[in-house]
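Each remark here refers to the structure printed beneath this line.
The values are calculated or read from the model by the stated rules, or taken from the named source; none is laboratory data. This structure is a prediction, so every number in the text was calculated from the model and none was measured. Ideal geometry is used to build each Cβ from the backbone, glycine not excepted, and the neighbour counts take in all protein chains shown. Note: areas computed on protein heavy atoms with side chains; ligands, DNA, RNA excluded. Shrake-Rupley method; radii C 1.70, N 1.55, O 1.52, S 1.80 Å.
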Amino acid sequence: QRRNPRADLFQEIACEGDGVVVHGQVADISVGGMFIDLHQALFAAGSRVTTRFALHAGEPRLALKAEVHYVQERIGMGIRVVRLEGHERDRIAGFVDEATRRKGQGAPPLRKSARVFVEVPIRLRGARTNGPAFDEQTSIITLSKHGVCVRSGFPLDVGMKLLLETPRGGEFRGSVVWVGSVASRSGGQVGVQCRGL
């Protein structure tokens, strides 16, 4: 369980370690760490890196020493800050507090993390509140840190619980958080927030 509150952050970041520099985008941040969107994570878990990024466009960049906590292939990596000076902690904590207040005031939600366009076959199962269970062979079309977008031939509703099964036997439970529409050319697409993906 996370000890520190997090906030979405969409700023470019440079990660340096072992003579390699990788550029990505921060997805979220806390005083304890952050998640970085990277299509190709060149650092393994346990690697020490230096990160350089700004909290707001035009502000001086922070330079933080960190350790790679975990890697999600083709999505990004979670890092933990190993040394944080007082003024750096204050800047990050202030940013998180400000973002939390904005969210509480009904600011429009932003995408939590970058999407990776993929084509992954899955078996999708669930049950409608007032209808029979369904079971279909379909596919994931985009993937992010927080969930997936899948195709479905069934009329699904926000809040429905789903089970996604991969060809290799992996199972992921999730909830429908978005349903596409024909008007926006996203008909037949469903956004699913997954646990353990």
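Things worth noting here:
- Test: residue in region 121-137 that is modelled with pLDDT of 80 or more, open to solvent by less than 100 Å² (accessible area, probe 1.4 Å) and outside any strand (DSSP E or B): no
- Verdict on Gly191 being modelled with pLDDT under 85, closer than 29 Å to Val26 by Cβ, surrounded by 15 or more Cβ atoms within 10 Å (Cβ to Cβ) and not hydroxyl-bearing (Ser, Thr, Tyr): no
- Restricting region 142-155 to residues that are open to solvent by 20 Å² or more (accessible area, probe 1.4 Å) and part of a strand (DSSP E or B), the residue that is modelled with the highest pLDDT is Arg151.
- Selection count, region 54-78, where residues are at positive phi, surrounded by fewer than 19 Cβ atoms within 10 Å (Cβ to Cβ) and either in contact with a helix residue (DSSP H, G or I) (Cβ under 7 Å, 6 or more places away or on another chain) or touching a residue at least 60 places away in the same chain (Cβ under 8 Å) (or both): 1
- Strands (runs of 3 or more DSSP E) wholly inside region 11-80 that include at least 1 residues being in contact with a Leu (Cβ under 6 Å, 6 or more places away or on another chain) and of a type outside the set (A, V, I, L, M): 20-29, 48-53
- The set of residues from region 167-179 being part of a loop (DSSP other than H, G, I, E, B) and under 20 Å from the mean Cα position of the chain (by Cα) comprises just one member, Gly170.
- Residue ID - most open to solvent (accessible area, probe 1.4 Å), chosen from residues in region 156-166 that are assigned to a strand (DSSP E or B) and of a type in the set (D, E, K, R): Lys161
- Residues considered: Arg83, Arg111. Of these, the only one that is open to solvent by 90 Å² or more (accessible area, probe 1.4 Å), more than 19 Å from the chain's Cα centre (by Cα) and at pLDDT below 95 is Arg83.
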